[in-house]
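Visitor: My questions will all concern the structure given below.
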Ligand SMILES: *Cc1c(COP(=O)(O)O)cnc(C)c1O
């Protein structure tokens, strides 16, 4: 057997394959250049154009462009009327920003747990966390797979809660034939370069509720009654600040890039689904790791391809297998440290191990494999070869 690169052997690849990477075309570059030559670098016409195109793709009535995915979550919860003293139920298996959004508004994040096979928010654990203070649920389409929105909507309706979808992974996905972005009361997206559409930094919120959208538009611009362009067009200087808001605007430069990228989302989604299928097939021939389960009636957007290690069948833990794969120059990653285990949450909200046992157990086993549309077949085969080599090395001797 070939020695592991971790132990001084030859790595499967000579250069590191990242876990995610943006794609850019000449058309993207031309779109950005055109805005640079125009009068409006921000609050200009490209913002509404991007919002309308995004709303059309996600079949939502309204889309509000914001400066990043974290801002999108903050804006979404403000739009929904969340305030100090409220409780918001969140999944622990996410990026900290999902829970932080509640904290930004003085609300308390309350952690439910996820399903062991999909790592999506488990609706069965949500109801037990509802109190008289609960106002909203934030579900995360983890890895790009839409959650069980039928079950979550039923719980939200029964308890009069607002259902927010953190869809930062899931642009391009569908559930029961409906696109992500139209599956909850409010949905949020990120356009960070690792995500399914990239504008450098960027984000979007979608909703069918015009009142939510109106509040969100104000909040992203200091809760001012007019923006720069409206004042310029009216030849007026006057505005009023009606509440505490932020500068969460997305520039026209970024919106032009987003508009150009949006056209390629279907092709990219399809490519990632193909890569996932190849990984699925390869994993069937390997002992010690398995893919996450995919729910019925969904189109998975595969922002991430996450494997769960079967530690009982391996002689090493996740950290060692992670290091071994990195040494083979495979840019694996781990998504995520369960949010309630971060020191800030432990110190501020008294959360601790044992609160979300399913997420905590999964955290010890998960590894994200490289997954992005621009990967070529050689890259895919390198990942498979490295995984095979590493898992075979650590196959537990009976
Ligand atoms: C990326 C991401 C965010 C935050 O988005 P930014 O654009 O980085 O602020 C929030 N939630 C999830 C699930 C994410 O993946």
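The values are calculated or read from the model by the stated rules, or taken from the named source; none is laboratory data. Computed from a prediction, not measured in an experiment: that's the story for all the values here. Reconstructed Cβ throughout: ideal geometry from the backbone, glycine too, with neighbour counts over all protein chains shown.
Visitor: Pick from the stretch 193-211 the residues that are surrounded by fewer than 24 Cβ atoms within 10 Å (Cβ to Cβ) and more than 19 Å from residue 143 (Cα to Cα): which of them is nearest to the ligand (Cβ to nearest atom)?
Guide: 201
Visitor: Would you confirm whether any residue within the stretch 226-249 is within 14 Å of the ligand (Cβ to nearest atom), surrounded by 20 or more Cβ atoms within 10 Å (Cβ to Cβ) and more than 24 Å from residue 82 (Cα to Cα)?
Guide: Looking for residues that are within 14 Å of the ligand (Cβ to nearest atom), surrounded by 20 or more Cβ atoms within 10 Å (Cβ to Cβ) and more than 24 Å from residue 82 (Cα to Cα), one finds none in the stretch 226-249, hence no.
Visitor: Before we move on, is residue 126 at pLDDT 95 or above, assigned to a loop (DSSP other than H, G, I, E, B) and either within 11 Å of the ligand (Cβ to nearest atom) or over 27 Å from residue 48 (Cα atoms) (or both)?
Guide: Numbers: at pLDDT 95 or above: yes; assigned to a loop (DSSP other than H, G, I, E, B): no; either within 11 Å of the ligand (Cβ to nearest atom) or over 27 Å from residue 48 (Cα atoms) (or both): yes.
It is false that residue 126 is at pLDDT 95 or above, assigned to a loop (DSSP other than H, G, I, E, B) and either within 11 Å of the ligand (Cβ to nearest atom) or over 27 Å from residue 48 (Cα atoms) (or both).
Visitor: Of the conditions (1) more than 16 Å from the ligand (Cβ to nearest atom); (2) out of contact with any helix residue (DSSP H, G or I) (no Cβ under 8 Å at 6 or more places or on another chain), residue 167 fails just one. Which one is it?
Guide: The failed condition is (1).
Visitor: How many of the residues making up the stretch 55-73 are within 16 Å of the ligand (Cβ to nearest atom), closer than 14 Å to residue 217 by Cβ and part of a helix (DSSP H, G or I)?
Guide: Residues that pass the stated criteria total 2.
Visitor: Take residue 99 and tell me if it is in contact with a strand residue (DSSP E or B) (Cβ under 6 Å, 6 or more places away or on another chain) and within 11 Å of the ligand (Cβ to nearest atom).
Guide: For residue 99, the condition - in contact with a strand residue (DSSP E or B) (Cβ under 6 Å, 6 or more places away or on another chain) and within 11 Å of the ligand (Cβ to nearest atom) - is met.
Visitor: Can residue 52 be described as touching a strand residue (DSSP E or B) at 6+ places or on another chain (Cβ under 9 Å) and either in contact (Cβ under 8 Å) with a residue 40 or more places away in the chain or more than 19 Å from residue 203 (Cα to Cα) (or both)?
Guide: Working: touching a strand residue (DSSP E or B) at 6+ places or on another chain (Cβ under 9 Å): yes; either in contact (Cβ under 8 Å) with a residue 40 or more places away in the chain or more than 19 Å from residue 203 (Cα to Cα) (or both): no.
Spelling it out, it is not the case that residue 52 is touching a strand residue (DSSP E or B) at 6+ places or on another chain (Cβ under 9 Å) and either in contact (Cβ under 8 Å) with a residue 40 or more places away in the chain or more than 19 Å from residue 203 (Cα to Cα) (or both).
Visitor: State the number of residues belonging to the stretch 102-123 that are out of contact with any strand residue (DSSP E or B) (no Cβ under 9 Å at 6 or more places or on another chain), in a loop (DSSP other than H, G, I, E, B) and farther than 24 Å from residue 367 by Cβ.
Guide: 1
Visitor: Does the stretch 143-151 contain at least one residue that is in contact (Cβ under 8 Å) with a residue 12 or more places away in the chain, farther than 30 Å from residue 263 by Cβ, under 21 Å from the mean Cα position of the chain (by Cα) and in a loop (DSSP other than H, G, I, E, B)? Steps first, please.
Guide: Let us first name the residues in the stretch 143-151 that are in contact (Cβ under 8 Å) with a residue 12 or more places away in the chain, namely 143-151.
This time we only want the ones that are farther than 30 Å from residue 263 by Cβ, so: 148, 150-151.
Then keep just the ones that are under 21 Å from the mean Cα position of the chain (by Cα); that gives 148, 150-151.
Right, trim to in a loop (DSSP other than H, G, I, E, B) and you get 148.
Scanning the stretch 143-151, I find at least one residue that is in contact (Cβ under 8 Å) with a residue 12 or more places away in the chain, farther than 30 Å from residue 263 by Cβ, under 21 Å from the mean Cα position of the chain (by Cα) and in a loop (DSSP other than H, G, I, E, B), so the answer is yes.
Visitor: Does at least one position in the stretch 183-192 carry a residue that is farther than 18 Å from residue 93 by Cα, buried (at least 24 other Cβ atoms within 10 Å of the Cβ) and free of Cβ contacts under 8 Å to residues at least 40 places away in the same chain?
Guide: So far as the stretch 183-192 goes, yes, one or more of its residues are farther than 18 Å from residue 93 by Cα, buried (at least 24 other Cβ atoms within 10 Å of the Cβ) and free of Cβ contacts under 8 Å to residues at least 40 places away in the same chain.
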